[in-house]
Amino acid sequence: MTNRTGHCLCGSVSYEVEGDPSFVGVCHCKDCQRQAGTSFSFIIGVPSSQLKLSGDTVKEYVTHSDSGNDVVRKFCGTCGSPILSELAAQPTMAYVKAGTLDDVSGLTPMAHVWCSSKMDWVDIPEGIPALEKQT
Ligand SMILES: [Zn+2]
Ligand SMILES: [Zn+2]
């Protein structure tokens, strides 16, 4: 079991994750591409009870999944770094943007989701589940 820490680009928002993530994956949804400004989000799913978020510049922007559920996207209002998403459909989980972690050693995607909007140049390694949408 590893505790992991991370922070936004400017350092105003930081967090600590207790224990190992229950999900490690890649989200290719259009909203993640837009928010990140790049091809996909590398994310870790952790129970919200094991996540401590701190900093007074946290802002939220709510998007909606295809099924119409709220997706609360938390980001730093000073530097704009996306930090995590909370899905109304999974209220006890937080999906942290793994690019903000201080140490990503040992984290390998278990699955890719929303491959229906995956960019063509991105190849998914054989043997890794690639879901058209999200389970
Ligand atoms: Zn920041
Ligand atoms: Zn996404």
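The values are calculated or read from the model by the stated rules, or taken from the named source; none is laboratory data. Worth saying up front: this structure is predicted, and the values here are computed from it rather than measured. With ideal geometry, Cβ positions are generated from the backbone for all residues, glycine too; neighbour counts draw on all protein chains shown. In case anyone asks, the SASA skips ligands and DNA or RNA and just uses the protein heavy atoms, side chains included. Shrake-Rupley method; radii C 1.70, N 1.55, O 1.52, S 1.80 Å.
Quick notes on this one:
- Of residues in the range 76-93 being under 12 Å from the mean Cα position of the chain (by Cα) and touching a residue at least 60 places away in the same chain (Cβ under 8 Å), the one farthest from ligand 2 (Cβ to nearest atom): S81
- For the range 3-11, the condition of being among the charged types (D, E, K, R) and surrounded by 13 or more Cβ atoms within 10 Å (Cβ to Cβ) holds for at least one residue.
- Yes/no for K59 being surrounded by 13 or more Cβ atoms within 10 Å (Cβ to Cβ) and without any contact (Cβ under 8 Å) to a residue 60 or more places away in the chain: yes
- Tabulated pairs, the range 16-44, first under 19 Å from T92 (Cα atoms), second part of a helix (DSSP H, G or I), C-beta under 8 angstrom, 6+ apart or interchain: V17/Q50; E18/Q50; G19/Q50; V24/A98; I43/A98; I44/A98
- Verdict on L51 being surrounded by 12 or more Cβ atoms within 10 Å (Cβ to Cβ) and away from ligand 2 (no atom under 12 Å from the Cβ): yes
- Applying the criterion of being surrounded by fewer than 21 Cβ atoms within 10 Å (Cβ to Cβ) and within 14 Å of ligand 2 (Cβ to nearest atom) to the residues of the range 94-108, the residue that is nearest to C10 (Cα to Cα) is G99.
- Test: residue in the range 31-44 that is of a type in the set (A, V, I, L, M) and over 26 Å from D123 (Cβ atoms): no
- Number of positions in the range 80-90 that are within 8 Å of ligand 1 (Cβ to nearest atom) and more than 15 Å from S54 (Cα to Cα): 1
- Every condition in (1) open to solvent by 60 Å² or more (accessible area, probe 1.4 Å); (2) within 16 Å of the chain's Cα centre (by Cα) holds for G127 except the one numbered (2).
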